[in-house]
Amino acid sequence: MALVRAFRFAFEGASYVIRSERNARIQLVVAAAATAMGIWLGLSPLEWALLALTIGLVIGLEWLNTAVEITVTLVSPEEHPLAKAAKDVAAASVLVGAIVSVAIGLFLFGPRLIARFFGP
């Protein structure tokens, strides 16, 4: 029963982020597009694993960023330099994940897209 409750809380958290965070919705659309591109380009099992890890990294970091923002706002509703720093660092972690995901996307998709459009 505790496991069912834990999953329910997790799904409630996911639902909250998707409903309230525009960036999370954008990232889900990008993840769906990357998945479709992976199908179209015929990724290998190892490449699928790398893509899944990358998608999970970015989405997970965005959701943790949201949790940090909510918590900091709850604890420090007034503006404070440390509250700002906490939110900025959490946002920076998402940026790092996004940059890494773009690099991995170029690695996974770049050569295949070039071959598709410009020949082998």
- prompt: Name the pairs whose Cβ atoms lie under 9 Å apart, with the first residue in the stretch 108-119 and of a type in the set (Asp, Glu), the second in a loop (DSSP other than H, G, I, E, B) and surrounded by 14 or more Cβ atoms within 10 Å (Cβ to Cβ), and 6 or more positions between them or separate chains?
  reply: none
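Has the stretch 75-84 got at least one residue that is hydroxyl-bearing (Ser, Thr, Tyr), under 19 Å from residue 15 (Cβ atoms) and touching a helix residue (DSSP H, G or I) at 6+ places or on another chain (Cβ under 7 Å)?
Within the stretch 75-84, none of the residues are hydroxyl-bearing (Ser, Thr, Tyr), under 19 Å from residue 15 (Cβ atoms) and touching a helix residue (DSSP H, G or I) at 6+ places or on another chain (Cβ under 7 Å).
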task: Give the residues of the stretch 56-98 that are among the polar types (S, T, N, Q) and over 17 Å from residue 16 (Cα atoms), sorted by residue number.
output: 76, 93
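Is it true that residue 42 is within 12 Å of the chain's Cα centre (by Cα) and small (Gly, Ala, Ser)?
Details: within 12 Å of the chain's Cα centre (by Cα): no; small (Gly, Ala, Ser): yes.
Against the criterion (within 12 Å of the chain's Cα centre (by Cα) and small (Gly, Ala, Ser)), residue 42 does not qualify.
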query: Hey, does the stretch 47-68 have a residue that's within 25 Å of residue 112 (Cα to Cα), of a type in the set (D, E, K, R), surrounded by 12 or more Cβ atoms within 10 Å (Cβ to Cβ) and out of contact with any Ser or Thr (no Cβ under 8 Å at 6 or more places or on another chain)?
result: yes
statement: Among 106, 51, the single one that is modelled with pLDDT of 95 or more, touching a Gly at 6+ places or on another chain (Cβ under 8 Å), at negative phi and of a type in the set (A, V, I, L, M, F, W, C) is 51
message: Please count how many residues of the stretch 35-86 are part of a loop (DSSP other than H, G, I, E, B) and farther than 30 Å from residue 106 by Cα.
response: 5
field: Residue match in the stretch 99-114 (condition: surrounded by 14 or more Cβ atoms within 10 Å (Cβ to Cβ), of a type in the set (S, T, N, Q), in contact with a Leu (Cβ under 6 Å, 6 or more places away or on another chain) and within 22 Å of residue 17 (Cβ to Cβ))
entry: no
message: When you check residue 19 against the structure, is it among the charged types (D, E, K, R) and at pLDDT below 95, yes or no?
response: no
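The values are calculated or read from the model by the stated rules, or taken from the named source; none is laboratory data. Values in this document were obtained by computation on a predicted structure and should not be read as measured data. Quick reminder, even Gly has a Cβ in these numbers, built from the backbone with ideal geometry, and neighbours come from all protein chains shown.
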